[in-house]
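The structure appears below as structure tokens.
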């Protein structure tokens with residue numbers, strides 16, 4: 001959430017808590033009571049959604065995926081150099097466009113394309129495994145590359161799912177905060193129009209102050225947005 005949204009929710013929490021502590025002054029007014037209930041329910045829902053979003057860590061999944069990708073590129077490049085030496089020594093020139101390339105060429109382009117390139121190199125190694133034995137190419141080398149490919153694709157898929165879920169929840173939070181702002185605007189009118197206790201109205205106005213603790217703000221230079 002943006003800082004302005006946090007500021008709004010902090011203020012709304014103060015309003016709900018203050019009104020709850022003085023419930024006897026408004027609980028017999030059905031319009032106020034129903035609007036309070038709506039605000040309280042939506043406020044708790046937003047907080048729950050925000051906790052869920054905060055607990056989601058696509059960044060950690062990105063690090064895991066990136067680490068696997070780097071291992072895959074390094075391992076495949078090592079295999080590729082062995083295969084390139086064999087192809088050059090045995091005049092297998094048709095194989096060189098695949099295995100006689102640089103590390104940057106191996107990893108060039110979108111990651112899925114690079115991963116598919118690694119898969120193709122592993123397949124060619126299997127086809128020529130007997131001939132590559134003296135170049136220390138083993139089944140274990142190929143199995144390792146294929147396992148890294150499987151791990152990468154799984155991690156990339158999980159990261160995409162988590163990122164999508166976080167984005168959807170973020171959109172839901174934005175919409176709910178919009179509804180909360182509308183409901184709170186209605187509550188402002190209800191309190192001023194239906195409550196007779198002026199001291200309560202004044203306290204309500206003080207609860208409605210929004211303190212901006214945005215980036216760079218301090219207690220000394222914080223700004224306050226007030227409701228009339």
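Just so you know, all these numbers are worked out from the coordinates, no wet-lab data involved. If you're wondering where the values come from, they're calculated on a predicted model, not measured in any experiment. With ideal geometry, Cβ positions are generated from the backbone for all residues, glycine too; neighbour counts draw on all protein chains shown.
Observations, loosely collected:
- Based on C-alpha pairs under 8 angstrom that are at least 6 apart in sequence, the stretch 58-162 has a relative contact order of 41 percent.
- Between residue 64 and residue 105, the modelled labels are 3.5 nm apart [label points 7 Å from Cα along Cα→Cβ].
- Spin-label model distance (nm) - residue 28 vs residue 161, 7 Å beyond Cα toward Cβ: 5.6
- The ranking of 68, 62 from fewest to most other beta carbons within 10 Å of each one's beta carbon is 62, 68.
- Computed from the Cβ-Cβ distance with R0 of 30 Å, the FRET efficiency linking residue 92 to residue 143 stands at 0.80.
- Between the helical axis of 198-207 and the longest alpha-carbon principal axis of the chain there is an angle of about 20 degrees.
- Build a GNM of the chain with springs between Cα atoms under 10 Å apart, and of 25, 61, 12 the one that fluctuates most is 25.
- Taking other Cβ atoms within 10 Å as a rough exposure proxy, 46, 53 sort from fewest to most as 53, 46.
- Computed from Cα atoms, the angle from the helix 58-89 axis to the main principal axis of the chain rounds to 10 degrees.
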